[in-house]
1. Between the stretch 233-296 and the stretch 437-477, what is the separation of their alpha carbon centroids in Å?
2. What's the lysine pair count for the stretch 169-326 at a Cα cut-off below 16 Å, pairs eight or more apart or interchain?
3. Compute log10 of I(q)/I(0) for the stretch 131-189 with the Debye formula, placing one identical point scatterer on every Cα and leaving out solvent, at q = 0.15 Å⁻¹, to two decimals.
4. Please go through the residue pairs K76/K123; K79/K449; K456/K495 and name each one whose alpha carbons sit more than 29 Å apart in this structure.
5. Could you order the peptides 226-233, 153-160 from most to least packed, using the average number of other C-beta atoms within 10 Å per residue?
6. Give me the percent of the accessible area of the chain that comes from carbon and sulfur atoms, probe 1.4 Å, all protein chains in place.
7. Show me the ranking of peptides 263-273, 388-398, 307-317 by mean Cβ neighbours inside 10 Å, starting with the highest.
8. Find the relative contact order for the chain and round it to a whole percent, using C-alpha pairs within less than 8 Å whose residues are 6+ positions apart.
Amino acid sequence: MQRYIQTALAAIMTLFLFLALPLHVSANNLDSLPEPDWTFTAPDESNLYLYPGAARFTDTSVYLFASERLYILDKKTGKQRAGISHLVDSKVLFSFFGSRAEVGMDGQVYILTTHENASGALKERLTAYSANGAKLWVKNYDEKVRSNAGVTLLSDGTVLVYLETASEQQTTYRYDSQGKLLGKQQWSGATYGFSNGYLPLYNWTGKASSRVTFYNSSLVKQFSYDIKFEEGMFLGLAPDGYLYRQLADSAPGTDRLAMFDTRGKLIWNKNLTGNLFILDFKEQMVVGKRGFSAGLVGILGYKELFWIDNQGRMHKASADAPTYYQTAYDNTIMLMEKSKLSIYEAVGSTSPYLKRLHTLSTANLNNKENFLYEGEGIVYYGDKNKLQRLNLAHPPVRVYINGEKASLGASPQAINGTLMVPLRGTVEALGGSIKRLDATVTVTVGDNKVMMTVGKKTAMVNGNPQQLAAAPVERGGHTLVPLRFLSEALGAKVKWDQAAGTVHIDLS
């Protein structure tokens, strides 16, 4: 017993005393899925949809469509807040964000569904739900919809329902968040929702031409852009406020991309060789934040990720059979490749470049492309009815003591390049005890004591002062202290497996 106490004390003391070799952490390369922040399992075993149109994120919640319902999850814990069975009696068997559903800044959800009335006619219905899934109000519409119908949110938070009643004829209803009707309007043209600060309205101007007119949140016309189909494809208005086109006059085997301002003035054009893949600019999943605003991103020739910045400068990164990408509000990009996931940052400066931040091997996963990207290194991985939140920028570190996983009460964290562990959980796992008075903590094993104070780099070990490389800090209700290499001379060994994100402490 005495030997165990001495060994435990030695391990505890090395948490504080050995200053020369701090344990540095890098999240750049992960060989397997890191320990998730949380895992959610759909209770009805319905398949979760893992693509941008099925998800929205707010500061506090995750909204995710499944085959049977919409789930609202607590973003911090992954616990279910609500499960909305929005498709009951609906003749449309799906609802996705960006077309038939949206989430407001206050967390309210608006879903448009199609139902059969008493005479058998199909009619649209808008239902508003609270952030906790409670039904707030319902609006029913008598219009006979030709094909296109949807709900969208304007930048001032008001709700706009659009119903196509005939070719290039639409009726819109505008509401506040309480369901009060603010206006009904008839439009000559077609819209597909509010995006990047404007409501675009499309009109045919001839057999081979059209015009897009952009309206602000007050539904006041701002500018128009004419399109001749023979000149190429209109890609849309991007979050950076510019118009992009894929021009048709490029040489065989190449594509020409161009950026215009809202007056139609050409800013730049580029020739690209190889098959081109560019996503819709509407796919922004984080509520209240604009999407990627540093230029144009795409995949070229199934071998490169490219970024053209706002000055027309081309930047590329080689990739292994890339299949898909997602962009985020912080100007980062998630790229799915043959057997890995990479996160890039579009670094804007006098010498812009694509910087790879993190990689995650997907070689051993059943569903290699079931990932959603929120931004800031946060990805969500889904497998059938399970969803995991993964932090690639700061993956949780697992600690094992004598081969057994230690439950420390909180995950270790990398702070300023040093791995910090929760004091109480670590000490108790090593067989010691802790007492606290205000900001001072006392670790006791037998007759030996170590005293530390939060925010100070001096510790007292059996009455003798010792300097620490980093002061203890408070994070999330836990006191965190730096974990150092344990001295073999004191009877403990530490192994840091960066690829697996694990620390092994051997006290044997």
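The values are calculated or read from the model by the stated rules, or taken from the named source; none is laboratory data. Not measured: the values here are computed from a predicted model. With ideal geometry, Cβ positions are generated from the backbone for all residues, glycine too; neighbour counts draw on all protein chains shown. Calculation scope for accessible area: heavy atoms of the full protein, side chains included, ligands and nucleic acids excluded. Shrake-Rupley method; radii C 1.70, N 1.55, O 1.52, S 1.80 Å.
1. The stretch 233-296 and the stretch 437-477 have Cα centres spaced 56 Å from each other.
2. Value for the stretch 169-326: 4.
3. Calculated log10 I(q)/I(0) at the listed q: -0.47.
4. In this structure, K76/K123; K79/K449 exceed 29 Å between Cα atoms.
5. Details: 226-233: 14.1, 153-160: 17.9.
Peptide ranking by packing, descending: 153-160, 226-233.
6. Heavy-atom surface of the chain belonging to carbon and sulfur, 1.4 Å probe: 47 percent.
7. 388-398, 307-317, 263-273
8. Reported as a whole number, the value is 16 percent.
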